[in-house]
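Please treat every number below as a calculation from the coordinates, not as lab data. Model, not experiment: these values are computed from the prediction. Neighbour counts are summed over all protein chains in view; Cβ atoms, including those assigned to glycine, are modelled from backbone coordinates with ideal geometry.
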Amino acid sequence: MFPPSAVAGLTALLASVPNAHAMYTKNSPVLQLNAKTYNTLVAQSNHTSIVEFYAPWCGHCQNLKPAYENVAKKLDGLAKVAAVDCDDEMNKQFCSGMGVQGFPTLKIVRPGKKSGGKPVVEDYQGARTATAITEAVVSKINNHVIRVADKDLDDFLKGSDRPKAILFTEKGTTSALLRSLAIDFLDVISIGQVRNKEVKTVEKFGIEKFPAFVLIPGGDKEPIVYDGELKKKDMVAFLKQVGEPNPDPSPAKAKANTKKGDKAKTSKSAEKAQEEKEKASAESETKTSATNPEDSAGTTANKPAASTADAVAITTVTSKDTLVEKCLSSKSHTCVLAFIPAESSETSEKVTASLTQLNTKYVQGHRQLFPFLAIPSNVEGVASVQQALGLKEEVELVAVNARRSWWRHYEGAFDAESVEAWLDGIRMGEGSKNKLPKELIAAEKIVEESPDQNKDAGEEQKKPAEEEVKHEEL
């Protein structure tokens, strides 16, 4: 039996170990989302958001965390910075529906042009730094600020009876802060921006230093000059003296002919139906995970490979034409190629097994990444490809992208964990690239010389190719 002191020490130690499913804590500035709250907090929001789809076991997700939390601090009050744990059972289907096939995946979501319309969702494919992500999100914040020149001032002031606010500035661009205020007070307060070169307008309001923020209450009331710091919270409080900001998201409008009792009844019925649906879905996913261990999120490359019956074999190339068609045409995207000897060897079996394990993991987890191809040395014409790339070893692993004219050489151990780390680096755009020799890139007409012969192969490859475009080197 352990002494009390030892038990207490063990308890403290366990308490200090972070939960694998809590990469972002409750105190994190990053907004926590799930399949249920995404629609309300992001899709229906008045503001632009960036959402990270991650898995706690993903090393690149952990590396991104400090920068992403920094983004959340920088954009506080200006845009939403959120994250979804795709390792959580209740979120798996949602993540799949959002087109997530690798981690981390970042998507920028901004409101549509029409009120209540569908939001615009696009993948973020820039650098994974706080500055780059922040700039990308800021550029997507909708702009409802009115540019006011001397010649436009009268129209702006007489445009409507609602209150107005003007930022006088020396800058020609509209800041994220002002744009976010215009979103908060859209249809409540008209917000304009005046450059310091608009002399008549500047003199009319007695502006002597820049920036200056002026509230025009309307009616016979005199303009009020803001004397606080240019911070979102303080400026909102200043504007609230003439109108309340819009709720975010806007409350749903109930049908006029719906009785209160019927509405409540319908709501309860819908909630019950949804609960039953989620319960059934969770039970189904649990059964599936129990049957297919590779499907359960959290699976990493160093876990045992799937059984032979469940394994998804990689493609073995039997002709150079096939290699050219799939990976070396001018429009081909990233392929992972394993050059192996015609006669099986311990090393070739190891690299093939590792790629099969990873291929199985990605396919069963709906995370199709890059096509994996094994190329035996006895395939006619392949030796020239190896020679052009300067490959001399019996077993070589490379990634090629003919469309962007680059290739990368793998030089590590052939275990699944090491290979997957290399693949993650490719997807993230990390590491150095080599220029792909021009003689290896086939012109489009070469691939299309026999349209009837290649028709079926082309149709089979169409869907994976389209998917690669979305996730290649995020």
Item to complete: Give the order of Tyr68, Tyr362 when sorted by the count of other beta carbons within 10 angstrom, beginning with the fewest.
Response: Tyr362, Tyr68
Worksheet entry | Debye, to nearest 20: dipole size of the range 315-440, +1 on Lys, Arg Cβ, -1 on Asp, Glu Cβ | 760
Item to complete: List the pair-distance distribution P(r) of the range 146-242, using every Cα-Cα distance, as the percent of pairs falling in each 5 Å bin from 0 up to the bin containing the longest distance, rounded to whole percents.
Response: 2, 13, 28, 27, 21, 8, 0
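Normalised by the number of residues in the range 315-440, what is the relative contact order in percent for Cα pairs under 8 Å and 6+ residues apart? Before the final figure, lay out each step's value.
Numbers: 183 pairs, mean separation 42.7, N = 126.
Here the relative contact order equals 34 percent.
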Worksheet item: How far apart, in nm, are two points set 7 Å out from the Cα along the Cα-to-Cβ line at Glu439 and at Lys232?
Response: 5.8
Discussion item. Only counting other Cβ atoms within 10 Å, I'd like Ile146, Ile133 sorted with the fewest neighbours first.
Written reply: Ile146, Ile133
Worksheet item: Which value, in debye to the nearest 20, gives the size of the charge dipole of the range 74-204 about its Cα centre, when Lys and Arg are +1 and Asp and Glu are -1 at the Cβ?
Response: 400
Worksheet item: With each label point set 7 Å from Cα along the Cα-Cβ vector, what nm distance links Gln62 and Thr318?
Response: 4.4
Practice prompt. Neighbouring Cβ atoms within 10 Å as the yardstick, rank Cys95, Cys58 fewest first.
Written response: Cys58, Cys95
Worksheet item: Gain in length, Gln241 to Lys73, computed as 0.36 nm per residue apart minus the alpha-carbon separation, to one decimal in nm?
Response: 57.8 nm
Worksheet entry | Cβ crowding within 10 Å averaged over residues, with 332-341, 34-43 ranked highest first | 332-341, 34-43
Worksheet item: Which values, in whole Å and largest first, are the semi-axes of the equivalent ellipsoid of the range 315-440 obtained as the square root of 5 times each eigenvalue of the Cα gyration tensor?
Response: 20, 18, 14
Worksheet item: Taking the simple approach of a point 7 Å from Cα along Cα-to-Cβ for both Asp150 and Arg162, what is their distance in nm?
Response: 2.9
Practice prompt. Please tell me the relative contact order of the range 31-140 in percent, rounded to the nearest whole number, where contacts are Cα pairs under 8 Å and at least six residues apart.
Written response: 36
